[in-house]
Each structure stands twice: as structure tokens, then as C-alpha cells.
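Trainee: Here's a structure for you.
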Ligand SMILES: [Zn+2]
């Protein structure tokens, strides 16, 4: 407890500052949260959702796990998606990966990582599926490209998600986005797979994949 006193002090100072800048800030948040965005990102401490897009508390609903994965059997992630879409009525779902992702690295090296190996299994499968062209790239290019591939794979999974499919069929205009964050310069890049009700996720996946391949071989 003693070791964490600095954090609690920092919290008190932050809350006081927020109150000073905007006396109604906390009372507004108590009344209701109305985020426009659902952020699905990596747990990596260097990729904090609110900070890197400069959003305040209340602006973004966040789900993070190792390597920003959307597993079809992950009740946690699925419940977050359902709540965000059906109750919070978010307008955008941002699937954000990042270069230098330890989870992606764990999927392609030969080391043992305990339970993480099970969690990132789908990335191993992605790597296997694209191995025929990935392995022709210089070794240092493979992990960042796999980080990008992992993002569009997850957006593709989101596009098939029943909650999202149903929302689209009922006229909800929620959009899916594929972003990747560079921890070297703090910048986000849009991987171009932006998917809404009238789009074909499969077609957008193919286009995004072609773009990734083209940049990889440049
Ligand atoms: Zn990561």
C-alpha cells in the first residue's frame, strides 16, 4: 500500500485539477456515459487508448487484451461488443494493433510463453496462412507486417460478428476501423479496412491485404 501512495496522491491531484477546470465534469459523467467509440486494443502499457487519441474519460469504451484479439469464444470481448453496440450505441469500433507487439512476437518465435501461447494461437495460424510470402521478406520486416495482418484479421472477424451483423441489418451505421500504432513516434496509421453496413468485409479484407503486401514488398 505504501508503495502505491504516489499513485493515490496523483489521483487526488488529477481529480482536483479536473474539478477546477470543469466543475460539472464528474457530475455529468455520473449521469450517463455516451462514448462514440469502442476501442479494442492491446494490453501493452505503451498503448493507452484515451491518451493517444487525446480523449477524455467518458469518450471511449475500452477493451484490451494481449495482441488485440477478437476471439469468437471470448465471452468478455463479445459482451463488451454487445454492450457497446446495443446499449451505448457507439458509432465507431476501432480495432487498434501496434508495431512491436509482444503478443504477435510470441506467436512467431520458438520460445515458450505459458498461457500466452494458447491466447495467441490464432496469430500463429495467420502467420502460417501467409508464410509463403512473409518468409520471402527480410526477417526484420515480418513482425511489423504480421502486426498489420493481425489487425485486419480481427476486423474481418468483427465483420462477421452476430451483434454487428444484426445492428447493420437494423439500420445501425456503426463502422469498423483498422488502425495500428507506432510506439516509435506515437503515431496511428489507418490500414484502410473501414467497414460499414453497406460494405463487404471480405472484399475490404482483400483490398487491405493487397495494400499490406504492396507496402511490404516496396
Ligand atoms: Zn501488443
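Trainee: Let's test this: bin the Cα-Cα distances of the chain at 10 Å from zero up to the farthest pair and state each bin's percent.
Mentor: Whole-percent P(r) values from 0 Å outward: 8, 30, 33, 19, 9, 1.
Trainee: Connecting C-alpha atoms closer than 10 Å in a GNM of the chain, tell me which of 171, 41, 196 has the biggest fluctuation.
Mentor: It is 171.
Trainee: Between 142, 129, 189, find the one with the highest GNM mean-square fluctuation for the chain; connect C-alpha pairs within less than 10 Å.
Mentor: Per the Cα network of the chain with a 10 Å cutoff, 129 tops the list.
Trainee: Further, regarding this structure: Return the percentage of antiparallel bridges among DSSP beta bridges fully within the chain, rounded to the nearest 5 %.
Mentor: 20 percent
Trainee: Taking the 0 to 90 degree range and rounding to the nearest ten, how far is the long axis of helix 142-160 tilted relative to the main principal axis of the chain, both from C-alpha atoms?
Mentor: Approximately 70 degrees, to the nearest 10.
Trainee: Still on this structure, I have one more. What base-10 log of the normalised intensity I(q)/I(0) is obtained for region 163-208 from the Debye formula, alpha carbons as equal point scatterers, at q = 0.28 Å⁻¹?
Mentor: -0.96
Trainee: Taking only Cα atoms and a 10 Å spring cutoff, compute GNM fluctuations for the chain and point out the largest among 25, 83, 61.
Mentor: Of the options given, 25 has the highest mean-square fluctuation.
Trainee: At 7 Å along Cα-to-Cβ for each site, give me the label-to-label distance between residue 50 and residue 7 in nm.
Mentor: Inter-label distance under the simple model: 1.5 nm.
Trainee: Right, next: Nearest 500 deg cm²/dmol is fine: what mean residue ellipticity at 222 nm does the chain get from its DSSP H runs of n ≥ 4 alone, each adding -39,500 (n - 2.57), divided by its residue count?
Mentor: Here the helix-only value at 222 nm equals -14500 deg cm²/dmol.
Trainee: Tell me the label-point distance for the pair residue 133, residue 14, using the 7 Å Cα-to-Cβ offset, in nm and rounded to one decimal.
Mentor: Result for the modelled spin labels: 4.2 nm.
Trainee: Moving on to the next point. How far is helix 5-21 tilted, in degrees, relative to the longest principal axis of the Cα atoms in the chain, given as a value from 0 to 90 rounded to the nearest 10?
Mentor: The angle comes out near 70 degrees.
Trainee: Oh, and also: Can you give me the angle between helix 121-134 and the longest principal axis of the chain, using Cα atoms only, in degrees from 0 to 90, rounded to the nearest 10?
Mentor: 40 degrees
Trainee: Give me the distance in nm between label points sitting 7 Å out from Cα along the Cα-to-Cβ direction at residue 214 and residue 184, one decimal.
Mentor: 2.2 nm
A short reminder: the numbers here are calculations on the coordinates, not readings from a lab. Keep in mind the model is a prediction, meaning the values are calculated, not measured. No Cβ is skipped: glycine too gets one built from the backbone with ideal geometry, and neighbour counts run over all protein chains shown.
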